[in-house]
Amino acid sequence: MERPLTRNIRPGTGPLPIDAYEKTGGYRALRKALQTMTPGDVVEVVDHSHLSGRGGAGFPTGKKWSFVPRGKDAVHPTYLIVNADEMEPGAFKDRLLLEGDPHQLIEGIIIAAYAIQADIAYIFLRRAYVTAAHRLTHAISEAYDRKYLGRKILGTGFALQLYVHNSAGRYICGEETALLNALEGRRANPRSKPPFPPVVGLWGKPTIANNVETLCNVPHIVEHGAEWFRRLSHSMDGGTKIYGVSGRVKKPGAWELPMGTTIREVLEEHAGGMADGFKFRGVIPGGASTDFLVEEHLDVRMDFGSMQAAGSRLGTGTMVVLDDRTCPVGLVLNLMRFFAQESCGWCTPCREGLPWTVRILEAIENGQGRPEDVERLQRHTRLLAPGHTFCALAPGAMEPLQSALKYFKDDFFRHVHEKHCPWR
Amino acid sequence: MATIHIDGKPYQVENGQNLLQACLTLGFNLPYFCWHPALGSVGACRQCAVKQFKDEDDTRGHIVMACMTPAVEGVRISIDDPEVVMFRSSVIEMLMANHPHDCPVCDEGGECHLQDMTVMTGHGFRDYRFKKRTHRNQYLGPFINHEMNRCIQCYRCVRYYRDYAGGRDFNVFACHDHVYFGRHRDGVLENPFSGNLVEICPTGVFTDKTFMEHYIRKWDLQTAPSVCVHCSLGCNTIPGERNGKLRRIRNRYNHRVNGYFLCDRGRYGYQFVNSEQRIRLPLRRSRGNSDLEPVSVEAVLRETAAFQTDARGMIGIGSPRASMEANFALRTMVGPGQFYAGLSEHDFGLIRTVLSVLRDGPARTPSLQETSAADVVFVLGEDVTNTAPLLSLNLRQLVHRKAARVAERIQIPDWNDAGIREVVQHEKEMLFIASPHGTALDDLALRSYHAAPDDLARLGFGVACVLDPSAPEVEDLTDEERSLADEIARSLKRAERPLVVSGAGCGNLAVIHAAANVSRALCACGHPAEIFLTVPECNSLGLGILDAAGGLESAAEAVRDGIAETVIILENDLYRRAEPALVTAFLDSTKHVVAMDHLVNETTLRADIVLPAAASAEASGTLVNCEGRAQRFYRVLIPEGMVQESWRWLLDLMTAAGRPEVHEWHILDDLNRAMAATMPALDTLSAAFPDAGYRATGGKVPRQSHRCSGRTAVRSHIDVHEPKPPEDADTPLAFSMEGDDGIPPADLIPRFWIPGWNSVQSLNKFQSRVGGPLRRDAPDRRVIESRREKSWAYFTDIPPRRPPEEHPWQFVPIHHIFGSEELSAMAPAVAERCPKPYVALHPSDAAALEMADGDLATVIVGDTVLRLPVRPEPSLPPRVAGLPMGLPGLPTISLPASGMISRGENHG
């Protein structure tokens, strides 16, 4: 099985320095792109590869790039943003790539920047990723030394400046327009769309924001072609995917597998199944803002379309497993506290609705719940639905709640009737 | 026009609106918070949700925010759909989760948008049973009270204060449900438009602090339409009165003038009306006694009748802060040849020049609101941020206009405020400022240039000459001036709607001439150029129209030459007009000085007879603003004592003397008719306003609300019989709660209030479309309109270059929004914001004099010697010093002028 993204990553050892990276074929794709392809060719091959955004939304990457005004409408500077603000609870796949193979990301950035004719790129890095910051900074200076960055890259007319920006640490910065505001030094509130960032983005200029994992795929697509990339996958979305598992399983971790691998395979073959003494009750498949799936969904393929059909989302592909010895209300409460804390405070349903949700869950968990509280929670999942709020934060927060209310409703009522948490 | 479908019925709406604007304009009650017609849409509060359907067959639909959805052809929505009704009610419920429900002790109660919207959505009981969050309140200065717990986080305050008004010392802090709106720490809100927060805030977070001192509910306020008297722009206001006290000022929307906002001088200057310094009874100086003493009206009338019949003559001194009627009555009383302007000859000359440029110049004068539609603006010589504050607020919106034009290309509609501000983030505006010193608008300007007034005039003449080579040439411009003139001219020439702004502020005739030349030159290039000239006071231009015989110096001459021995001074402290020595000599040489005014001042203290003149809130009359617009203000307050309108005093004096002119003068309308008949420039005036006989179906327009309480109870401890309400013979307004309760004509709107809409937001219902003209709009009443004559000749008085170095110091005026205007400076809250007198110098000039910030300098200008602390001002040109204008405690000096500065001797 091919594992292009993680081929250079050896747990326990540092990333490959630039010489070693080049020896494994690194920066060959960059040469190919800059010396033999037009920017349009790069966009085209990525489009044909069916690479879709790995940040969670699954938007086709080639299509996104094609929105940047080009030719006589081109605006400069154009910006490329690498969204490395991985703060979704349960997600750690970008960290693996950032720390494990920074040159792969840098190569992807340069090729992507070439494709959209960006002048400046920023890696917007999660505050807590200190090791990644050191490794990226070092790798970037190596890339500058080799003239892969700066002016006249590889002797061509293409130039790119690349900077690492350490986030101040807010979950909302993962929302691309809030990220732009944060990068500009403003409050990290999401922006109104339209205008969309590919036309009006950072400092009002065309901007593309891509996830770390998305960009890491780009060198491989350029080197091996779109068809090769599509064949890596078991689904309509091209390529491989880094899946992660956390919770009471034998071997928590992350693995690069064909896109569309089933939940069962990831859980049982790679994570080693449930830890001894723990039974599987459900899974949040794609990070904290996705709906629970349960036993009956174990054979669902983990790709964007299949997960949606099953009533959840692929999200980041990093799952959190719920076992029978953990209180689902407590789990949901823990997540809601996070989302309520991370609300930017801009729109009413999110700012007021999430803390209210937290307080109801706290009451239930502490034995002070009322039967009507469960209905109230249900109402919140409808009020904080997509389109009702300004951005996707609150609707995302509602996903684990609404599915918990669907699959574990009895547990909520047990709290209310027994006037304490049955797990305590 | 586009057809949209609301709950199954088709409606025609104007293009380019969002659904919220369209629904409100159609008369639907759709609740909202974060949207404001002047601020546009951002989609934060989620209150204006409606359900949108894809087509006729779509029965499910989806919820959208009306403020963020264009009202384009074919849109189908439902306001009444049960799901969206429930959603809107839930949004209120969430907003109210942390709101303290302290309406009974909240100043906003009874005129609160949050109350109105809560009732509108039907939300009554909320499920939230947990602890509410609380905040600490801040001290924000003398104007605004802060009560953060009431906040519903609509973000309007911060969008208004920072994005619209350009303030920096206010922001939103923290996040999630802890967001906090205030300053980084307690302190005075610096922005001079902070008072609008009171009307912007949909609930009681920001309330009027001066109003708190004598608080009364909106329904108990007696209100009437009025016009601000604290600068020349003539913003429309609604003063509120109860029990003989003026309680507050609110904005009165006029889409041609002030739109939605007032400046803080206009909002808080009203307190002078309640001042202890008010003159409330006629006073007379008995022979041999130096004190003024109360005297009966009959005695005054008897005595003044004698002056009038006395052959030794009488002159009148008019006033730029008195109404047209008062000035005209005085002019009639003394005769046109004996009517003087009450300004120094120099200042009167400036007004006359402005008048002639407006009347005879080729460029049109835009309305105050139209100034915000300009795309390139050249401000020459005037610090509009301090002399015409609301104009500077409009010029600030250039940023929005420019962005809107760019945004249009990528199909972002004009109302999408958030989107538009992203489009043009950091680009500077097409604003050029040339002024003697830095102004608060400089941060927006593409170029700002500071020089002595004569040099500013030379730059202006230079710009005109670049635009039109037939304009007089300035030969000795420096390279810097020449390239700046080129750049300004190029930008103006490229503009679609160029605007030149100047005025009498820096006291230099050549500056006004240069501005006129620029506008003339633009017209010569075939441009629809516009010129906006500000003047110092609320009726400066009106006084100019009355063709006074001359300024104060001429008046003094008339007395000196024995032409007159009696002087009638109308609402004018002459000590603010000319050097004290000149005024004292003038008054001392006059046998009889009769002064009428609101407040005790140097002039009334030296008068022989003083008559208590009504302030604008106590009077009805007409003012002409700096664009030549005649506006009527109506009495809202029946003052204590013998106070009455100056024109009525003059009428009484003339009647007592048996003057035949006034036989037909009984009410305001009669005076206006006489004025129109006498002054050709004012011939449209008498028919312009609804006359005293105007009646709607229900009678007069009531000044009291239909809920005015306690009418029969407040005096019941004195007499159980209710007194008859005072009559108002002059106007179609009544001192009563009975009368026409419909929407009156725009001129007569005493308050914005409509069933279900108790707050100022009810204004939507008074407009023919949201943000547009009022439903019963008044005609455009300008008494001065440019004749647009292209043959108008250029001014040629280019001042010579100022020789460098050994030249004496040049002193220029520095205006202060708080302090430079006479009446508002008497209001305690405004007085708190007045600076102390100082002399401003460039830091290097101060260093050359071996003086630091706060050191005392000796300043000699003409005969005046002052000792003032030094204030370093880096924007001042070298060897140019700034003196604050009109501050209490500072003697009047006619500026600009030459003079000397030296280190003050710091004797104990």
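Taken together, the values in this text are just the output of simple stated rules run on the coordinates, not laboratory data. Since this is a predicted model, take the numbers as computed values, not measurements. Cβ atoms come from the backbone with ideal geometry, glycine included; neighbour counts cover every protein chain shown.
Taking the three principal axes of the alpha carbon atoms in the range A:41-194, the coordinate ranges are 40, 38, 31 Å, sorted in descending order. Where in the range A:1-24 is the amide nitrogen less than 20 Å from a point lying 7 Å along the Cα-to-Cβ axis of A:Lys32? What the label zone holds, given the 20 Å backbone N cut-off, is A:1-9, A:19-24. The range B:111-178 and the range B:581-621 have Cα centres lying 47 Å from one another. Applying 0.36 nm per residue to the separation of B:Asp360 and B:Phe130 and subtracting their alpha-carbon distance, the gain on full extension is 75.8 nm. By the count of other C-beta atoms within 10 Å, a proxy for reagent exposure, B:Arg776, B:Arg635, B:Arg871 are ordered fewest to most as B:Arg776, B:Arg871, B:Arg635. All C-alpha pair distances within the range B:538-649, sorted into 10 Å bins from zero, spread as 13, 39, 35, 13, 0 percent across the bins. The smallest convex shape that holds all Cα atoms of the range B:577-733, its convex hull, gives 197 Å³ per residue.
Calculated [222 nm] ellipticity per residue, helices only, for the protein assembly as shown: -9000 deg cm²/dmol; basis is -39500 (n - 2.57) per DSSP H run with n ≥ 4, divided by all residues, nearest 500.
Backbone geometry of the range B:464-480 corresponds, through the Karplus equation with coefficients 6.51, -1.76 and 1.60 at θ = phi - 60°, to 3J(HN,Hα) couplings of 4, 5, 5, 5, 9, x, 7, 6, x, 8, 9, 7, 10, 5, 6, 4, 4 Hz, x marking Gly and Pro. Going 7 Å from the Cα of A:Asp323 along its beta-carbon direction, which residues of the range A:261-300 have the amide nitrogen within less than 19 Å of the resulting point? Taking a point 7 Å out along Cα→Cβ of A:Asp323, the residues of the range A:261-300 whose backbone N falls under 19 Å are A:264-285, A:293-295. The calculated P(r) of chain B, using every Cα pair and 20 Å bins from 0, goes 14, 45, 34, 7, 0 in percent.
Sorted into 10 angstrom bins from 0, the C-alpha pair distances of the range B:648-721 split as 15, 26, 24, 23, 11, 1 percent. Cross-link check: pairs B:Lys209/B:Lys836; A:Lys64/A:Lys93; B:Lys9/B:Lys765; A:Lys241/A:Lys406; A:Lys63/A:Lys93; B:Lys700/B:Lys724 evaluated at a Cα-Cα cut-off of 26 Å; pairs beyond the cut-off: A:Lys241/A:Lys406. Summarising the amide proton neighbourhood of A:Ser52: residues at separation of 5 or more, or on other chains, whose placed amide H is nearer than 5 Å comprise A:Thr61, A:Gly238.
With contacts taken as Cα pairs under 8 Å at a separation of at least 6 residues, chain A carries a relative contact order of 16 percent.
Each of A:Phe338, B:Phe811 has some number of other Cβ atoms within 10 Å of its Cβ, and from fewest to most they run A:Phe338, B:Phe811. For a test of the definition: using alpha carbon positions, the gyration tensor, and the 1.5 limit on a/c, classify the range A:1-107 as rounded, prolate or oblate. Since a/c reaches 1.5 but b/c is at least a/b, the shape of the range A:1-107 is classed as oblate. Where a ≥ b ≥ c are the square roots of the eigenvalues of the C-alpha gyration tensor, would you call the range A:216-370 rounded, which needs a/c under 1.5, or, failing that, prolate if a/b is larger than b/c, or oblate? Cα axes put the range A:216-370 in the oblate bin.
Any chance you could give the angle, 0 to 90 degrees and rounded to 10, that helix A:328-342 forms with the longest Cα principal axis of chain A? Helix A:328-342 and the main axis of chain A meet at about 50 degrees. The slack in the chain from B:Ala38 to B:Asp547, taken as 0.36 nm per residue of separation less the alpha-carbon distance, amounts to 179.3 nm. Between the Cα long axis of helix B:646-656 and the first principal axis of chain B there is an angle of about 50°, rounded to the nearest 10. In order along the range B:537-543, the phi-based Karplus estimate (6.51 cos²θ - 1.76 cosθ + 1.60, θ = phi - 60°) of 3J(HN,Hα) comes to 10, 5, 10, 4, 6, x, 4 Hz; Gly and Pro are listed as x. For the range B:668-812, a Kirkwood radius taken over Cα pairs fed into Stokes-Einstein (4 °C, viscosity 1.567 mPa s) yields D = 64 µm²/s. Residues whose amide H comes within less than 5 Å of that of B:Ile531, counting only those at least five positions distant or on another chain, are B:Arg364, B:Thr365, B:Val500 (H built at 1.01 Å from N in the peptide plane). Equivalent-ellipsoid semi-axes for the protein assembly as shown (Cα gyration tensor, √(5λ), whole Å, largest first): 67, 38, 26. The reciprocal of the average 1/r between distinct C-alpha atoms defines the Kirkwood hydrodynamic radius, which for the range A:328-418 equals 12.8 Å. Coupling constants for the range B:637-644 follow from the phi torsions by the Karplus curve (6.51 cos²θ - 1.76 cosθ + 1.60, θ = phi - 60°), and in residue order they are 10, 9, x, 6, x, 9, 5, 8 Hz; glycine and proline get x. Here the Gaussian network model covers chain A, with springs between Cα atoms less than 10 Å apart; of A:Lys64, A:Lys23, A:Lys250, A:Lys23 fluctuates the most. The amide H of B:Ile569, built 1.01 Å from its N in the peptide plane, has B:Ile317, B:Val594, B:Ala595, B:Met596 as neighbours under 5 Å, considering only residues 5 or more places off or on other chains. If R0 equals 35 Å, the separation of the Cβ atoms of B:Ala581 and B:Glu276 corresponds to a calculated FRET efficiency of about 0.75. Normalised by the number of residues in chain B, the mean separation of alpha-carbon contacts (under 8 Å, six or more apart) gives a relative contact order of 14 percent. Note on B:Ala373 and B:Asp57: with the Förster distance fixed at 51 Å, the Cβ-Cβ geometry gives a FRET efficiency of about 0.75. Across the range B:809-903, the volume of the C-alpha convex hull divided among the residues equals 86 Å³ per residue.
Treating r as the C-beta distance of B:His184 and A:Lys72 and R0 as 45 Å, the FRET efficiency rounds to 0.45. Where both bridge residues fall in the range B:200-264, DSSP classifies roughly 100% of the beta bridges as antiparallel.
The calculated Kirkwood hydrodynamic radius for the range B:1-111 is 14.9 Å, given to one decimal from all distinct C-alpha pairs. Taken over chain A, the convex hull of the Cα atoms encloses 129 Å³ per residue. Among beta bridges identified by DSSP and lying wholly in the protein assembly as shown, the antiparallel ones come to about 50 percent. Sorted ascending by nearby beta carbons within 10 Å, beginning with the fewest, B:Tyr838, B:Tyr180, B:Tyr32 become B:Tyr180, B:Tyr838, B:Tyr32. Over the Cα atoms of the range A:231-308, the radius of gyration divided by the Kirkwood radius equals 0.95; this is the Rg/Rh ratio.
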